[in-house]
C-alpha cells in the first residue's frame, strides 16, 4: 500500500485556515485540515460579525464560518476532526501527530488561533456573544447609548475601554487590584474619568454575570470586601489571550514571550515548510478580515515552497 504524503496539512479550521484552503485547493494543492473544536473557530461562536467586508448588514458568525467551510470543500479541501499534539521535522517531510497517529505532509500551516482568557464566573460562558464579549472592535457598536462593564486593568483592557467610549454612555471598569496599563494609557483614561464617562473600581473581583430574559442586566462583584451590584447592558472581558500553541512546546518552532508563533514576511516559521497565519501568529491583529488575508498569503507561500521541492 502506497504511503500517503499530503501536500499540506492545516492545523485548525478557523477563517484563516479555511481561506488558505480555498487558495491551495483551487491550485490543485491537495489539502487536509484538522480541527479539534468548532469549524470556524472563535468566529463561529460569535453572535454577529459586523465589521467583515462585504456584508453591509453584518453576518452571523456561524453563517460566515459555514460559507467559508462550504467554499473550501467545493474546491476539494478535506476537513477532519482531530487533535494535533505535535509536529516534527524530517527534512522534506513533516510528521503531524493527530489523535496519536502520524500523518505525513510536505508542508504544514498552523492556524490554531488564540482563545480568550476567561474569568470563570457564573454567567460568563452562558451569555457569551449575548451580552458577554471579548472583542471591542467586533462587538462594541452593538452598545450605542448603552452602559457597559469592562473587566481588566492591563493595556488591552484600558485600550478597549477607551475604544468603547465611542459608543457607550458609561463604562464601569472593574480592576482586580490596581491598573497596570502604561502611563500614557492611564493618562488618557483619566480624561474620561474626569468627564464622568468611566468609573474605575479598584480592588474589585467579579463574582457573577446576571441576565434577565437572556439579556445581561447586572454584574455582581466584591469591592474592598463588600458586595456591589452594577447595572449594565453588556460585559467586555479583557484579561489577555492564550494562544493555542501548547502542542508546539517540544518542537523547533520559535514562539514569542506570549507563546505566539514567530514568522517572517512569507509567514514561514523557524521550521522549514511550516507556516503560520491568523491569531496564533506573533503580530496578528486579531481580526477575522486580516486572518483571512493572512490565510491567502500563507497559501501562496506554501505553493511557492512546494514548487521549490519539485525543482529539487
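From the list 20, 43, pick out the single residue that is in contact with a strand residue (DSSP E or B) (Cβ under 6 Å, 6 or more places away or on another chain) and either assigned to a helix (DSSP H, G or I) or assigned by TED's automatic domain parsing to the domain that holds residue 102 (or both).
20
Just name the residue that is nearest to the chain's Cα centre (by Cα) out of those in the stretch 1-17 that are part of a loop (DSSP other than H, G, I, E, B) and crowded, with 24+ Cβ neighbours inside 10 Å.
14
Would you pick out the residues in the stretch 81-136 that are free of Cβ contacts under 8 Å to residues at least 12 places away in the same chain and more than 20 Å from residue 40 (Cα to Cα)?
Those that are free of Cβ contacts under 8 Å to residues at least 12 places away in the same chain and more than 20 Å from residue 40 (Cα to Cα): 90, 91, 95, 101, 102, 120.
Taking residue 137 as meeting all but one of (1) farther than 30 Å from residue 6 by Cα; (2) surrounded by fewer than 14 Cβ atoms within 10 Å (Cβ to Cβ); (3) at pLDDT below 95, write down the number of the exception.
(2)
Select from the stretch 202-225 the residues that are surrounded by fewer than 19 Cβ atoms within 10 Å (Cβ to Cβ) and part of a strand (DSSP E or B) and list them in ascending order.
205, 207, 208, 210, 211, 212, 215, 217, 218, 220, 222, 223
Can you tell me how many residues within the stretch 226-255 are assigned to a loop (DSSP other than H, G, I, E, B), over 30 Å from residue 87 (Cβ atoms) and without any contact (Cβ under 8 Å) to a residue 12 or more places away in the chain?
The total comes to 0.
Before we move on, is residue 70 loosely packed, with under 15 Cβ neighbours inside 10 Å, over 20 Å from the mean Cα position of the chain (by Cα), assigned by TED's automatic domain parsing to the domain that holds residue 18 and touching a residue at least 12 places away in the same chain (Cβ under 8 Å)?
No; evaluated as a whole, the condition is false for this residue.
Among 262, 249, which is the only one that is more than 29 Å from residue 123 (Cα to Cα) and modelled with pLDDT of 95 or more?
Exactly one of 262, 249 is more than 29 Å from residue 123 (Cα to Cα) and modelled with pLDDT of 95 or more, namely 262.
Is there a residue being in a strand (DSSP E or B) and not assigned by TED's automatic domain parsing to the domain that holds residue 142 anywhere in the stretch 256-263?
Yes, because at least one residue in the stretch 256-263 is in a strand (DSSP E or B) and not assigned by TED's automatic domain parsing to the domain that holds residue 142.
The values are calculated or read from the model by the stated rules, or taken from the named source; none is laboratory data. Here the structure is a predicted model, which means the values were calculated and not measured. Neighbour counts are summed over all protein chains in view; Cβ atoms, including those assigned to glycine, are modelled from backbone coordinates with ideal geometry.
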